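Bear in mind these aren't lab numbers, they're just calculated from the coordinates by the rules spelled out. All values derive from a computational prediction rather than experimental measurement. So basically every Cβ, Gly included, is an ideal-geometry build from the backbone, and we count neighbours across all protein chains shown.
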Amino acid sequence: MSDVLQKGLAWLDEQRHTHMTQTVLYVRDGGTISYVVELQATIGRTEFEQVDEFGIVHKLQSRDFLIRASDLVLNAEQTLPKAGDRIRETVGSQTFVYEVMSPGGEPPWRYSDPYRRTLRVHTKHLSAE
């Protein structure tokens with residue numbers, strides 16, 4: 001018997017990828033060379049809470065990029081996101097640069113489905129060009 005939930009999630013992922021994505025560039029600085037891959041990403045957000053040394057709760061919001069795990073291939077090798085990587089999103093004539101980050105001690109990414117097909121990458125806005 002096949003896993004109906006897995007088939008349903010695969011269908012939903014295909015619909016998201018077909019109808020709810022835009023092209024972004026994923027960039028990893030390798031020291032003397034930068035690795036770049038063009039990806040289709042769905043834009044999202046996540047809210048985090050961080051408590052400072054005085055007990056004050058600060059709410060942070062990250063801009064998230066949902067990408068297929070199988071699409072993140074850098075230097076001919078499938079990889080996972082790392083803090084410090086960058087995502088470049090072009091809207092009209094402007095390019096927004098985001099840095100992969102880990103807010104409040106959280107990891108900079110997580111799987112977005114139980115079958116590990118989709119990565120939710122947390123970022124913060126760095127600049128606009």
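Assorted remarks:
- If the segment from Val37 to Gln6 were pulled out straight at 0.36 nm per residue, it would be longer than the present Cα-Cα gap by 8.4 nm.
- Cα gyration tensor shape of the stretch 1-42, rounded if a/c is under 1.5, else prolate or oblate by comparing a/b with b/c: oblate
- Sequence-separation-based contact order of the chain, relative, with Cα cut under 8 Å and 6+ spacing, percent: 21
- Charging the Cβ of each Asp and Glu at -1 and of each Lys and Arg at +1, and nothing else, the dipole of the stretch 4-128 about its Cα centre rounds to 280 debye.
- Selected from Ile33, Ile43, Ile67 as most flexible by GNM, with the chain as the system and alpha-carbon contacts under 10 Å: Ile33
- His19 versus Glu49: modelled label distance in nm, points set 7 Å from Cα along the beta carbon direction: 3.5
- Per residue Cα convex hull volume in Å³ - calculated over the chain: 141
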